[in-house]
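Chemist: Okay, handing you the structure first.
A short reminder: the numbers here are calculations on the coordinates, not readings from a lab. Please read all numbers here as calculations on a predicted model, not as lab measurements. Positions of Cβ are backbone-derived with ideal geometry, glycine not excepted, and every protein chain shown enters the neighbour counts.
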Amino acid sequence: KRVADRYLKREVLGEGTYGVVFKAIDTKANRLITGQTVAIKKIRLGQYKEGVNFTALREIKLLKELKDPNIIELIDAFPHKGNLHLVFEFMESDLEAVIRDRNIVLSPADTKSYLQMTLKGLAYCHKKWVVHRDMKPNNLLIASDGQLKLADFGLARIFGSPDRKFTHQVFARWYRAPELLYGSKQYGAGVDVWAAGCIFAELLLRRPFLQGSSDIDQLGKIFAALGTPKPSQWPDMVYLPDYVEYQYVPVPPLRTLFPTASDDALDLLSKMFIYDPKARITVQQALEHRYFSSVPAPTKPSLLPRPP
Ligand code: ADP
C-alpha cells in the first residue's frame, strides 16, 4: 500500500506514545540508492484540540531543520487521511535494548561513549532552543554504524506531555526532573540534563535508577536516593504549583549507590542531579567535564556492543 505516492508500507514496528509506527520503503529516497528503509510515525490528529494541527505543522517545519549526527532525521512530514505522518530514518536498535541485554557487557569506555553521544545530540538542540522533555532509553535509537540518535525531539512540546493521555507511558516518569514533577510550567533545558543523568545512572546500574509508581512516589524515590532538597538549595521550589513538603532525608553519599563508578563519573552525575534547575550543570558544561577527557577514552561508535 502506498502512502503519499512515495512510501511503500511494510510491517508495524510498534505502538508509541503518539500513535503507531510502521516500517516503509522510500521509493524516492535517492536516484542511486533505491528503496531506503524508513520508519513512519502515524499521529492521530483527531484527539488534539482544533488549531493544534496548524501549530503542529509549523513546529514540525522547525524540526525538519534540526540536522546533526546525534539527532534522528525527520525526512518528511505530511497529513494523510486525518493522520499526521512523520517519516524518520530507520534505526536498528535503541539504548533500552542494549541496557536490557544480559549478554552485553558495557565497559566504562562504552558507557562514556553512549553518554557523550546523548549529550552531543542534546547540545545541538539546546543551542537551537529546542527542549526534548521526554528523554528515555527507548528514545535513544542506534543506527547501523553505531551512532546514537535522539528521537521524538520536540514532540512533547507540540503534542503535549504523553503521561497525561496515555497510561502505558508510565516509565517516562522515571526520567522526569523534580521541577516537572512539582508542576513547573516554566521548565527549561535542565529537564533534559536530569533525564540524561537518569540514563547515565541506568548505564552504570544496568537497571532504571529511580522507578517511581506515581508522581508523588517518583519524588519520594528521588529524595530517598539524593536527599530532600532544602529551600536554601532550591529557592524557587516552594512556589511551584504542585509543591508538597516531604519528610526530610539527609543526603546519602552517591558512592554507596554506584560502587563501581569512577570519581569523575560520580562528580558529573552529581552535577546532573542538582535540584535547582538554575544551578544544574548544562549540557555544554557536561560535555566539557573532565569525565570525557580522562581515561578511558569513549569507545568509537562502530565498535560499541549491540544486540544481535
Ligand atoms: P514511544 O512513544 O514509546 O517512545 P515510539 O513511538 O517512538 O515509541 O516508537 C514505537 C515503536 O516503533 C518502538 O518499538 C520503536 O522501536 C519503533 N521505532 C520508532 N522510531 C523508529 C525508527 N526511526 N526506526 C526503527 N524503529 C522505530
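Chemist: What is the extension gain from Leu257 to Gln186, computed as 0.36 nm multiplied by their sequence separation minus the C-alpha to C-alpha distance, in nm to one decimal? Don't skip to the end; give the middle numbers.
Modeler: Numbers: separation 71, 0.36 × 71 = 25.56 nm, distance 3.11 nm.
Separation in residues times 0.36 nm, less the Cα-Cα distance, equals 22.5 nm.
Chemist: Please list 112-119, 145-152 highest first by mean number of surrounding beta-carbon atoms within 10 Å per residue.
Modeler: Put in order of decreasing packing, that is 112-119, 145-152.
Chemist: Something else now. Mind listing P(r) for region 205-308? All alpha-carbon pairs, 10 Å bins, whole percents.
Modeler: Using 10 Å bins, I get a P(r) of 12, 35, 34, 15, 4 for region 205-308.
Chemist: Hey, rough spin-label estimate for Ser232 and Lys23, points 7 angstrom out along Cα→Cβ, what's it come to in nanometres?
Modeler: Rounded to a tenth, the inter-label distance reads 5.9 nm.
Chemist: Using Cα pairs under 8 angstrom and six or more residues apart, how large is the relative contact order of the chain, in percent? Numbers along the way, then the final one.
Modeler: Details: 501 pairs, mean separation 50.7, N = 308.
Dividing the mean separation by the residue count of the chain yields 16 percent.
Chemist: Something else now. Give the residue from Ala195, Tyr275, Ser293 lying farthest towards the positive end of the charge dipole for the chain; charges sit on Cβ (+1 for Lys and Arg, -1 for Asp and Glu) and the dipole is referred to the Cα centre.
Modeler: Positive-most Cα among the choices belongs to Ala195.
Chemist: Next question. Given a Förster distance of 25 angstrom, what is the FRET efficiency for Lys67 paired with Asp145, based on the Cβ-Cβ distance and rounded to 0.05? Walk me through the intermediate numbers first.
Modeler: On the way: r = 16 Å, r/R0 = 0.66.
Efficiency, from the Cβ-Cβ distance: 0.95.
Chemist: Using the structure shown, list the pairs from Lys41/Lys112; Lys149/Lys278; Lys127/Lys230; Lys149/Lys221; Lys112/Lys149 with a Cα-Cα distance above 21 Å, or answer none.
Modeler: Lys41/Lys112; Lys149/Lys278; Lys127/Lys230; Lys149/Lys221
Chemist: Using 11 Å as the cut-off for backbone N distance, which residues of region 232-269 belong to the label zone defined by a point 7 Å from the Cα of Asp276 along Cα→Cβ?
Modeler: 232-237
Chemist: Next question, about the same structure. Check each of the trypsin sites (Lys or Arg not before Pro) in region 249-301 and keep only those in coil by DSSP with at most 12 other C-beta atoms within 10 angstrom; list them in order. Please list the in-between numbers first.
Modeler: On the way: sites: Arg255, Lys271, Lys278, Arg280, Arg290; in loops: Lys278, Arg280.
Passing both the DSSP loop test and the Cβ count: Lys278.
Chemist: Each residue of region 266-276 in turn: what ³J(HN,Hα) in whole Hz from Karplus with 6.51, -1.76, 1.60 and θ = phi - 60°, glycine and Pro shown as x?
Modeler: Computed from phi, the couplings for region 266-276 are 5, 5, 5, 4, 5, 6, 6, 9, 6, 5, 5 Hz.
Chemist: Another one. Can you work out the Karplus-derived ³J(HN,Hα) for every residue in region 179-194? Use 6.51 cos²θ - 1.76 cosθ + 1.60 with θ = phi - 60°, whole Hz, and x for glycine or proline.
Modeler: 5, 5, 5, 8, x, 4, 9, 9, 6, x, 4, x, 5, 6, 5, 4
Chemist: Would you list the P(r) distribution for the chain, with all Cα-Cα distances sorted into 20 Å bins from 0 and each bin expressed as a whole %?
Modeler: Using 20 Å bins, I get a P(r) of 32, 57, 11, 0 for the chain.
Chemist: Now for a separate question. Between Val249 and Asp5, take the C-beta separation as r, use R0 = 45 Å, and let me know the FRET efficiency to the nearest 0.05.
Modeler: Working: r = 59 Å, r/R0 = 1.31.
Working from the Cβ atoms, E equals 0.15.
Chemist: Could you check the spin-label model distance between Ser214 and Glu288? Points 7 Å from the Cα along Cα→Cβ, value in nm.
Modeler: In this crude label model, Ser214 to Glu288 measures out at 4.3 nm.
Chemist: Tell me, what is the FRET efficiency for Val12 and Leu205 to the nearest 0.05, using R0 = 30 angstrom and their Cβ-Cβ distance as r?
Modeler: Numbers: r = 32 Å, r/R0 = 1.07.
In this case the efficiency is close to 0.40.
Chemist: Moving to a separate point now. Under a Cβ-only charge scheme (Lys and Arg +1, Asp and Glu -1), can you give me the dipole magnitude of region 249-308 about the Cα centre, in debye to the nearest 20?
Modeler: Numbers: 7 positive and 5 negative charges, 35 e Å.
Charge dipole, region 249-308, about its Cα centre: 160 debye, nearest 20.
Chemist: Now a separate question. Amide H of Ile75: which non-local residues (sequence gap of 5 or more, or other chain) have their own amide H closer than 5 Å, using H built in the peptide plane?
Modeler: Excluding prolines and chain starts, which carry no amide H, the hits are Val87, Phe88, Glu89.
Chemist: Still on this structure, please answer the following. Based on DSSP H runs of at least 4 residues, each adding -39500 (n - 2.57), what is the mean residue ellipticity at 222 nm of the chain after dividing by all its residues, to the nearest 500 deg cm²/dmol? Write down the numbers at each step before the final one.
Modeler: Working: 12 runs with 103 residues, N = 308.
Value at 222 nm, helices only, nearest 500: -9500 deg cm²/dmol.
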